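Visitor: I have a structure here, written as structure tokens, and I will follow up with some questions on it.
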Amino acid sequence: GPLSFFLQQFLMTNPITVPLWLGGLYFGLFHPQGKRFRWLALAFVIVFLLLSLSYGKGYYLAPAFPMVFALGGVGFEHLTVRRRVPRVIFVFLLAGFGALFASYVLPVLPIDTFLRFQSAIGITTPRQEVGHTGAIPQHFGDRFGWPEMVALVAKAYQELPAVDRQRCGILTSNYGEAGAINFFGREHGLPRAICGHNNYFLWGPGDATGEVMLVYNRAREELEPIFEEVREVGRFQHPYVMPYQQDRRLYLCRGLKIPIAAGWPQLKVFT
């Protein structure tokens, strides 16, 4: 909601910068010397209202902050033109709090160390998705497990007879999985993955025929009606991935019962 959206900006921008960007808003909106920059402050307010009232995620506002930081810097300069000590103090506070919170947004600590640090500080990052229940922030959790997932698919692919590898396609449930296979899979000799999620749907089924398919993270109940054979050949586990990526199955499917071009529209998922 709007209040939560507003409070998330405090942590996202480093709490010590709050006077700077709030001061920048004041300077742009109300100070006589900031009058010519008023459109920047108004643009920030409009974007903030649009995102908060439409229940956007907290980080959606991040690209709008440079302009209010700039306004705040100019305003702070005017305010302290004859008082240099506050400038020095504020710079040290910025550096200190920046170092304190850096590990929340940058992978500067091993993940086990970060979790202990987060527990000691007593501040956790806000949830960015409703389904996120893990201890690791989503922007870290989403970085784990991709090479290992691709290795699982590659192992199943390499175990196929040579004639099956030549006609094998790979289908995933979302663009992240397909992107990982298409990036890390090159060193394993994997064919290009296909997917019905977002832009991947627009790129179609490629060369896949459905004769032999490795299908990752789709329900068996969904696959059995459309393939002659569905067999589980792998299961993905990783201690740090997002909860919804845990315990995902890999199936070897044979004999698609309908032409893949005809069935492709059924895979369309735009989110």
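Visitor: Identify the residue in segment 241-258 that is assigned to a strand (DSSP E or B) and open to solvent by 50 Å² or more (accessible area, probe 1.4 Å) and, among all such residues, is farthest from Gln158 (Cα to Cα).
Guide: Among them, the one singled out is Arg248.
Visitor: Oh, and also: Of all residues in segment 212-224, which are exposed (fewer than 15 other Cβ atoms within 10 Å of the Cβ) and touching a residue at least 12 places away in the same chain (Cβ under 8 Å)?
Guide: Arg220
Visitor: Criterion first (in contact (Cβ under 8 Å) with a residue 24 or more places away in the chain and either buried (at least 18 other Cβ atoms within 10 Å of the Cβ) or not hydroxyl-bearing (Ser, Thr, Tyr) (or both)) does Val163 satisfy it?
Guide: When the stated conditions are applied, Val163 does not pass them.
Visitor: Checking the conditions here, which among Lys35, Lys57 is surrounded by 11 or more Cβ atoms within 10 Å (Cβ to Cβ), at pLDDT below 90, charged (D, E, K, R) and within 22 Å of Gln138 (Cβ to Cβ)?
Guide: Lys57
Visitor: Still on this structure: Suppose we filter segment 225-240 for residues that are under 18 Å from Val150 (Cα atoms) and either of a type in the set (S, T, N, Q) or open to solvent by less than 20 Å² (accessible area, probe 1.4 Å) (or both); how many remain?
Guide: Total meeting the criteria: 3.
Visitor: Do we have any residue at all in segment 111-123 that's in a loop (DSSP other than H, G, I, E, B) and either of a type in the set (Lys, Arg) or open to solvent by 50 Å² or more (accessible area, probe 1.4 Å) (or both)?
Guide: Yes, that holds for at least one residue.
Visitor: Could I ask something else about it? Check Phe48, Phe69, Phe97, Phe65 and return the single one that is open to solvent by 60 Å² or more (accessible area, probe 1.4 Å) and at pLDDT 90 or above.
Guide: Among Phe48, Phe69, Phe97, Phe65, only Phe69 is open to solvent by 60 Å² or more (accessible area, probe 1.4 Å) and at pLDDT 90 or above.
Visitor: What about Thr17, is it at pLDDT 90 or above and more than 22 Å from Gln138 (Cα to Cα)?
Guide: So Thr17 passes the test.
Visitor: Can you find even one residue in segment 80-90 that is open to solvent by less than 40 Å² (accessible area, probe 1.4 Å) and within 30 Å of Ala120 (Cα to Cα)?
Guide: yes
Visitor: All but one of (1) over 28 Å from Ile123 (Cα atoms); (2) under 31 Å from the mean Cα position of the chain (by Cα); (3) open to solvent by 30 Å² or more (accessible area, probe 1.4 Å) hold for Pro19; which doesn't?
Guide: Result: Pro19 passes all but (1).
The values are calculated or read from the model by the stated rules, or taken from the named source; none is laboratory data. Just so it is clear, the structure is predicted and the values come from calculations on it, not from any experiment. For neighbour counting, all protein chains shown are included, and Cβ atoms are generated from backbone atoms with ideal geometry for every residue, glycine included. Accessible surface areas use protein heavy atoms only, side chains included; no ligands, DNA or RNA. Shrake-Rupley method; radii C 1.70, N 1.55, O 1.52, S 1.80 Å.
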